[in-house]
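The values are calculated or read from the model by the stated rules, or taken from the named source; none is laboratory data. If you're wondering where the values come from, they're calculated on a predicted model, not measured in any experiment. So basically every Cβ, Gly included, is an ideal-geometry build from the backbone, and we count neighbours across all protein chains shown. Accessible surface areas use protein heavy atoms only, side chains included; no ligands, DNA or RNA. Shrake-Rupley method; radii C 1.70, N 1.55, O 1.52, S 1.80 Å.
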Amino acid sequence: MNGKFLLAVCTLLMATQIGAQEVAYEEYDLDNGLHVILHQDNTAPLVTTSVMYHVGGKDRTEGRTGFAHFFEHLLFEGTKNIERGKWFEIVSSNGGRNNANTSQDRTYYYEVFPSNNLKLGLWLESERMLHPVIDQKGIDTQNEVVKEEKRLRYDNSPYGQILPVVGKSLFKNHPYKDPNIGYMEDLDAATLEDVIAYNKKYYVPNNAVLVVAGDINIGETKKIIQDYFAPIPKGATVTRNYPLEDPITTEVETVAYDPNIQIPATIVAYRTPGFQERDAYVLEMISSYLSDGKSSKLYKKMVDEQKQALQIGAFNIAQEDYGMYLIFGLPVGDTSLDVLVSEAEEEIAKVRTDLISEKDYQKLQNKIENNFVNSNSSVEGIAGSLATNYLLYGDTSLINKEIEIYRSITREEMKAVANKYLNPNQRVVIDYLPEEKPAN
């Protein structure tokens, strides 16, 4: 088949996919402030029930870090009507699966069930919101679970301290300076009264969004939601007033050690705007241009051609208040970390001084559109997107129109944003080095 004809066909197919991608949904509020979003898709007999709370690692006071992640575990302990330790058994015995995750900005719980168990999924989440059992036994149990997770994922995992090190380096005042999982001494010091107060403040209907997506009947689903969630009392309004950070105007150099690695790493970090800002979308495009795939600028140059890096990448870590933009590299052989930093800076400088080529720009747009299509290819993914877009971005309709933001970003805008945020005097350079484990 002729190459140009094949490209035209692929482009047409992608445009058709995107045109057919529109997600229909209905949203409304209960009297207690709980926002509800419903998406009906009867193509498969599955349903996702999910609740996202606007509470994450940043929601804490000094000396009491890690509470949101701790609650991710604690709120599976049991409720007034669910025996301790029986939550996962109830879900699995009814053909479902469930999980939860916590970021610095939000906590997300979800279940996926055969659609005939919609009522069970909604009951479980209403129980979590209305009737959690919070006692010392549960706190002690989950404290040990969190400690083991910290040992596994951070303390004993190669390069596991990178994000905590970056957070501490980029932020001096904002709570992003502390790791999402918190400090174990803070959890150890927490009292039962501390934990109960945290639950009462954040895990309330007016600080959450409920999403039901899949094989549902809208009318019947609304009735179940009304029965289970409407009686839950509204909480006090959550207010946030986190300190602002002074701009970074001079390069900062620092060193961190990891006893679990043999190969050192370099990390170049920049503080960037929160993910609601248009510039954050532009930075996402710049990140993809520099390091998404083996044909990207950094990988092709430093790994394939010059054999300087085992791995090199640019990552835009999106967060609500501030983002973090990272360059991460592992050297080959005797290549110094300084060489990795200078070679990466050379490619970033090109983005600051020159427009990327039309060919690279179109390739970038195609990749972003493909990612957009894939992100909403499952009901489970749609549920997560709807919750995120409403709760964190303040615009549920982004599920259908976010791609238009990326399409509207120009090559000139990419250059301007790189000049705004990605200069050497705005960065933190971290030498992430091996450290011998202390003798026992």
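Note on the stretch 131-140: residues that are surrounded by fewer than 16 Cβ atoms within 10 Å (Cβ to Cβ) and part of a helix (DSSP H, G or I) amount to 3. The residues of the stretch 366-385 that are under 11 Å from GLU402 (Cβ atoms) and touching a Leu at 6+ places or on another chain (Cβ under 9 Å) amount to a single one, SER385.
ALA383 meets the stated requirement of being touching a His at 6+ places or on another chain (Cβ under 8 Å) and open to solvent by less than 30 Å² (accessible area, probe 1.4 Å). Scanning the stretch 192-210 for residues that are among the β-branched types (Val, Ile, Thr) and either at positive phi or in a strand (DSSP E or B) (or both) turns up just one, VAL209. Of all residues in the stretch 335-346, those that are closer than 16 Å to VAL428 by Cβ have Cβ atoms under 6 Å from Cβ atoms of residues that are surrounded by 18 or more Cβ atoms within 10 Å (Cβ to Cβ) and of a type in the set (S, T, N, Q), 6 or more apart or on another chain, in LEU337/THR266; LEU340/THR266; VAL341/THR266.
Residues that are without any contact (Cβ under 8 Å) to a residue 12 or more places away in the chain and not in a loop (DSSP other than H, G, I, E, B) were ranked within the stretch 221-241; the one that is nearest to ASN42 (Cα to Cα) is LYS223.
In the list GLY85, GLY95, which residue meets the criterion of being in a loop (DSSP other than H, G, I, E, B), loosely packed, with under 14 Cβ neighbours inside 10 Å and touching a strand residue (DSSP E or B) at 6+ places or on another chain (Cβ under 8 Å)?
On the way: GLY85 fails: touching a strand residue (DSSP E or B) at 6+ places or on another chain (Cβ under 8 Å).
Just one listed residue meets the conditions, GLY95.
Residues in the stretch 145-181 that are of a type in the set (Ser, Thr, Tyr) and assigned to a helix (DSSP H, G or I) were compared, and the one that is farthest from PHE67 (Cα to Cα) is SER169. Every test in (1) in a helix (DSSP H, G or I); (2) buried (at least 19 other Cβ atoms within 10 Å of the Cβ) is passed by GLU404 save one, and that test is (2). If you check PRO158, PRO179 for being surrounded by 14 or more Cβ atoms within 10 Å (Cβ to Cβ), within 22 Å of TYR325 (Cβ to Cβ) and either in contact with a helix residue (DSSP H, G or I) (Cβ under 6 Å, 6 or more places away or on another chain) or touching a residue at least 60 places away in the same chain (Cβ under 8 Å) (or both), only one passes: PRO179. In the stretch 365-377, the residues that are closer than 14 Å to GLU284 by Cβ never reach a residue that is open to solvent by 60 Å² or more (accessible area, probe 1.4 Å) and assigned to a helix (DSSP H, G or I) with C-beta atoms less than 6 angstrom apart, at least six apart or across chains. Total residues in the stretch 332-362 satisfying the condition of being surrounded by 14 or more Cβ atoms within 10 Å (Cβ to Cβ) and acidic (Asp, Glu): the figure is 4. For THR388, the conditions (1) within 30 Å of GLU26 (Cβ to Cβ); (2) surrounded by fewer than 20 Cβ atoms within 10 Å (Cβ to Cβ) are fulfilled apart from (2).
Are any residues in the stretch 407-440 of a type in the set (Lys, Arg) and surrounded by 15 or more Cβ atoms within 10 Å (Cβ to Cβ), and if so, which ones? Across the stretch 407-440, the qualifying residues are ARG411, LYS415, LYS420, ARG427. For the stretch 44-68, taking the residues that are in contact with a strand residue (DSSP E or B) (Cβ under 9 Å, 6 or more places away or on another chain) and open to solvent by 10 Å² or more (accessible area, probe 1.4 Å), the one that is farthest from VAL112 (Cα to Cα) is identified as HIS54. In this structure, TYR203 does satisfy being under 22 Å from the mean Cα position of the chain (by Cα) and of a type in the set (Phe, Trp, Tyr).
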